[in-house]
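A short write-up of the structure that comes next.
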Amino acid sequence: MMSKQWTVDRIPDQTKRVFVVTGANSGLGLATTRALARRGGRVILAVRDEGKGRRAVAEITAELPDADLEVRHLDLADLDSVRAFAERLHTDHRHLDVLVNNAGVMAPPRSLSAQGHEVQFACNHLGHFALTGLLLDLLTLGHDPRVVTVSSVNHRSRSARLRFDDLHGVRDYSPMGFYNQSKLANAVFGQELHRRLAEAGSPVRSLLAHPGYTATNLQSGTPVGLWRVVLGRIGNPLFAQRPDRGALPQLYAATEPGVESGQFIGPDGPAELRGAPTLVRPSATAADPETGRRLWDVSEELTGVRFAFPAPA
């Protein structure tokens, strides 16, 4: 059982460790970046808007002048951008210690990515799937290497299902239903990645985290009118916790020495909406190996990325 007193002050020294945090310019990503920088980590802010990334760096360095931060462009909804990011990282870095798959979009009107995929599935899942696969060799060379994929309590929602016959909402699209699908895909991916890493005898650990109900620009920036009112204007002030609290599960997963591959970290409060980091259970669908294999095969096909796992010992 984890201590209810676990805070960012419990993060071990992260000097010489290299982190990539997607969506690092705001919300959970910004809180994660700040906490890692405070403990000496070198953080690469992988952001779609480099101007916002530079403003985030200025905000952190005003408080932490010695913070080791770097801004790089990454549009997760564009697989060409994901490949370009990975290529540049290989040029400049010999290893990577932790990848935090944090970025996401929530409940927009139906739109398609550059490659023709429903944008929530493209950004929240396919982009992170491809990024992880393209950086796996650098992670394998890291110290205590980890992939932390940020899902949501919504992965257990009744509308959270993988619509394998209509992943891109051609026939029937619901903004929140397809957001929930993408968060379920995150959870399924994290579990299946764990199984494949373990089978290969890889040193890389795959962990899942979710922030509970946290006030971020995901809700306030939701373009769909009703959801913006319900989530951003009503839900956030009444129920949501701050990003620095919501980021604790993913920080725990990224830094705590005792975590094990395959674990899912979330808040310990009622309905997992808020609280201190604790072990939580994925949904039955997220934990199902057959679903994991099926999503993996589809993700390889849609991204063109094949993971280079080491041969089992």
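Observations on the structure shown:
- Test result for residue 55, surrounded by fewer than 16 Cβ atoms within 10 Å (Cβ to Cβ) and within 19 Å of residue 137 (Cα to Cα): no
- In the stretch 158-177, the residues that are in contact with an Asp or Glu (Cβ under 9 Å, 6 or more places away or on another chain) and either of a type in the set (A, V, I, L, M) or surrounded by 24 or more Cβ atoms within 10 Å (Cβ to Cβ) (or both): 167, 170
- Of the residues in the stretch 9-18, not one is of a type in the set (Ser, Thr, Tyr), within 25 Å of residue 77 (Cα to Cα) and touching a residue at least 12 places away in the same chain (Cβ under 8 Å).
- The one condition from (1) surrounded by fewer than 19 Cβ atoms within 10 Å (Cβ to Cβ); (2) part of a helix (DSSP H, G or I); (3) of a type in the set (Asp, Glu) that residue 192 does not meet is (1).
- A Cβ distance below 7 Å, combined with a sequence gap of six or more or placement on separate chains, defines the contacts here; from the stretch 88-109, residues that are free of Cβ contacts under 8 Å to residues at least 60 places away in the same chain reach residues that are assigned to a loop (DSSP other than H, G, I, E, B) in the pairs 94/141.
- Complete set of residues in the stretch 212-244 that are surrounded by 14 or more Cβ atoms within 10 Å (Cβ to Cβ) and at pLDDT 85 or above: 212, 213, 214, 241, 243, 244
- Hey, residue 155 surrounded by 19 or more Cβ atoms within 10 Å (Cβ to Cβ) and in a loop (DSSP other than H, G, I, E, B) or not: no
- Qualifying residues in the stretch 104-126 (those that are of a type in the set (A, V, I, L, M) and part of a loop (DSSP other than H, G, I, E, B)) - the one farthest from the chain's Cα centre (by Cα): 114
- Unmet requirement for residue 209, which otherwise passes all of (1) surrounded by 18 or more Cβ atoms within 10 Å (Cβ to Cβ); (2) at pLDDT below 95; (3) closer than 30 Å to residue 192 by Cβ: (2)
The values are calculated or read from the model by the stated rules, or taken from the named source; none is laboratory data. Note that the structure is predicted; figures quoted are calculated from it, not measured. Ideal geometry is used to build each Cβ from the backbone, glycine not excepted, and the neighbour counts take in all protein chains shown.
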